[in-house]
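The values are calculated or read from the model by the stated rules, or taken from the named source; none is laboratory data. Everything numeric in this text was worked out from a predicted model, so none of it was measured. A quick note on method: Cβ atoms are made from the backbone with ideal geometry, for glycine too, and the neighbour counts reach across all protein chains shown.
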């Protein structure tokens, strides 16, 4: 199993479009993801913290600004300890976000600062004692004195009181106590938030607490020297179960406000509580922000880069996740600006807000898990014509198809090999037709008696082309393409009665699963999919039609650039009887119009 990240880029008008899908780590229990700008380039990145035996490690996934994340470094970030917390912060004000690890040692809490080197790795910069151990202690990150160096705030309970200890960053990796403040009497379910209520650059605390049938907010103003003083107490709504509060700047005045999301009968509503800059919050507007649905999530972001924070509602509709953008009008209300599909439903999917390309418009990133595959593809290299690097490409292609096909098939015994689970492919390099002609060929050679699914196949590649394909970075696509034929794409369509050639020059594929994906991607309501009618016996009737699909992986032509393995191809395997994870397919969108194949190679 693996983790993947889909970047949903804001168009600035209320919608989100897919910008890229990246592999962001193998599955490990208790893996955590964060967003941060580790190198200060204005493009937010992903940060993965994972456990390796008795260690915690951090992988930095750097945004390329186009929707993809590439590994930039792997760092050891502490011994594994239960209940350790990690936070992102800029402890020294250099514009590169760092990491702080809060961990328990017997009767103490300690903070280890892991400093970003700007290249993807984190080095220890200091270890500080940050308070005696107490149950239910909470830590927050804020810049309490406006010096650009983030500090740590420890909120802890002492009998009937809440207290805040300020641990001020010295800019070199350590935190020193700057003050201890009483910040309210103890009440159950009290919540604390950080915000700058008056726009002075010093972050403050707001305490939200329940008094019988009401919610109230006490503003605790930072004096810039480590202490917090009460600045005001406001009534901020009648009590309703499951009410959520968020901080935001709804009007772009630099003073952070509150928004209250609450449920009224079958609806979600948002009440905006505007900061008056003196410690109190006044109602500025009430908006309907969506029909009630279980598991709806709300996020705060500036979707259009106007400096006014907006509300994003992520909700499930059957097998899909959708995002509704509620844009702030700057006067306290939120207006429906658009609804976007933001991924298929998967359990344990997480969404984060970030600006992946530094354009000032915040985007969404979706972290999701690919189901574990039980489908095994073994490669039998039958000659010595492939280098180790080329053999590795074959093995990577096998892994790629095992992400698509995830269901196990019955084992089959073959005398010259033994027990096959699930398919063995004989791979060789031979002379076919010289340079830049036919690149390779492939087909299943032995089929199971009951399901007709293959358990053995062959792949042959042209000796005149393979080195050149590798040098151009195209060998990966060619190998994945040919392996698709071994699994049945194009080669078993007729066997399963899925190829309709009754209309002469307009052959069609009739499998229901693939056709449903084809209609969804192309916005059609067809009953079949166009199949290639040209190109000779090795191309016609065994590929998707190039004039329609262009750069899709399983057309008969290898195009320059990317050749995505689409949901259509993945779903076609489901039509044969494989158990398939369609969500593991690449993002693919039709280009439209007739395509020029003069620069394409036949596969």
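Might you let me know whether the stretch 267-290 holds any residue that is surrounded by fewer than 20 Cβ atoms within 10 Å (Cβ to Cβ) and at pLDDT below 95?
So far as the stretch 267-290 goes, no, none of its residues is surrounded by fewer than 20 Cβ atoms within 10 Å (Cβ to Cβ) and at pLDDT below 95.
Provide a single number: the residues in the stretch 380-407 that are surrounded by fewer than 19 Cβ atoms within 10 Å (Cβ to Cβ) and not in a helix (DSSP H, G or I).
Going through the stretch 380-407 one residue at a time, the tally reaches 9.
Taking the stretch 269-297, which residues are outside any strand (DSSP E or B) and under 15 Å from residue 250 (Cα atoms)?
Scanning the stretch 269-297 gives 276, 277.
Do we have any residue at all in the stretch 473-480 that's under 17 Å from residue 558 (Cβ atoms), in a loop (DSSP other than H, G, I, E, B) and free of Cβ contacts under 8 Å to residues at least 60 places away in the same chain?
Checking the stretch 473-480: at least one residue is under 17 Å from residue 558 (Cβ atoms), in a loop (DSSP other than H, G, I, E, B) and free of Cβ contacts under 8 Å to residues at least 60 places away in the same chain.
Starting from the stretch 12-41, keep only residues that are without any contact (Cβ under 8 Å) to a residue 24 or more places away in the chain and at positive phi, then list their pairs with residues that are crowded, with 17+ Cβ neighbours inside 10 Å and assigned to a strand (DSSP E or B) whose Cβ atoms are within a distance under 9 Å, requiring at least 6 positions of separation or different chains.
Close Cβ pairs (under 9 Å, with a partner that is crowded, with 17+ Cβ neighbours inside 10 Å and assigned to a strand (DSSP E or B)) amount to 30/49; 30/50.
Return a yes/no flag: does the stretch 3-12 have any residue that is at pLDDT 95 or above, over 13 Å from the mean Cα position of the chain (by Cα) and not in a strand (DSSP E or B).
The answer is yes, given that some residue of the stretch 3-12 is at pLDDT 95 or above, over 13 Å from the mean Cα position of the chain (by Cα) and not in a strand (DSSP E or B).
Strands (runs of 3 or more DSSP E) wholly in the stretch 68-174 with at least 3 residues that are in contact (Cβ under 8 Å) with a residue 40 or more places away in the chain, in contact with a strand residue (DSSP E or B) (Cβ under 7 Å, 6 or more places away or on another chain) and surrounded by fewer than 19 Cβ atoms within 10 Å (Cβ to Cβ) - which ones?
Fully inside the stretch 68-174 and qualifying: 69-79, 85-89, 122-132, 138-142.
Quick check: is even one residue across the stretch 362-380 closer than 21 Å to residue 16 by Cβ and touching a helix residue (DSSP H, G or I) at 6+ places or on another chain (Cβ under 9 Å)?
Yes, some residue in the stretch 362-380 is closer than 21 Å to residue 16 by Cβ and touching a helix residue (DSSP H, G or I) at 6+ places or on another chain (Cβ under 9 Å).
Suppose we keep only residues that are in contact with a strand residue (DSSP E or B) (Cβ under 7 Å, 6 or more places away or on another chain) and over 15 Å from residue 380 (Cβ atoms) within the stretch 408-429. Which one would you say is surrounded by the most Cβ atoms within 10 Å (Cβ to Cβ)?
Applying the filter and picking the extreme gives 411.
Which of the following residues is more than 25 Å from the chain's Cα centre (by Cα) and either modelled with pLDDT of 95 or more or outside any loop (DSSP other than H, G, I, E, B) (or both): 237, 305?
That would be 237, the only listed residue that is more than 25 Å from the chain's Cα centre (by Cα) and either modelled with pLDDT of 95 or more or outside any loop (DSSP other than H, G, I, E, B) (or both).
Identify the residue in the stretch 18-42 that is at pLDDT below 95 and either in contact with a helix residue (DSSP H, G or I) (Cβ under 8 Å, 6 or more places away or on another chain) or under 30 Å from residue 329 (Cβ atoms) (or both) and, among all such residues, is surrounded by the most Cβ atoms within 10 Å (Cβ to Cβ).
Residue satisfying both the conditions and the ranking: 19.
What single numbered condition from (1) farther than 16 Å from residue 300 by Cβ; (2) in contact (Cβ under 8 Å) with a residue 24 or more places away in the chain; (3) surrounded by fewer than 19 Cβ atoms within 10 Å (Cβ to Cβ); (4) more than 13 Å from the chain's Cα centre (by Cα) fails to hold for residue 357?
(3)
So which of 510, 527, 501, 589 is modelled with pLDDT of 95 or more, on the phi < 0 side of the Ramachandran plot and touching a helix residue (DSSP H, G or I) at 6+ places or on another chain (Cβ under 8 Å)?
527
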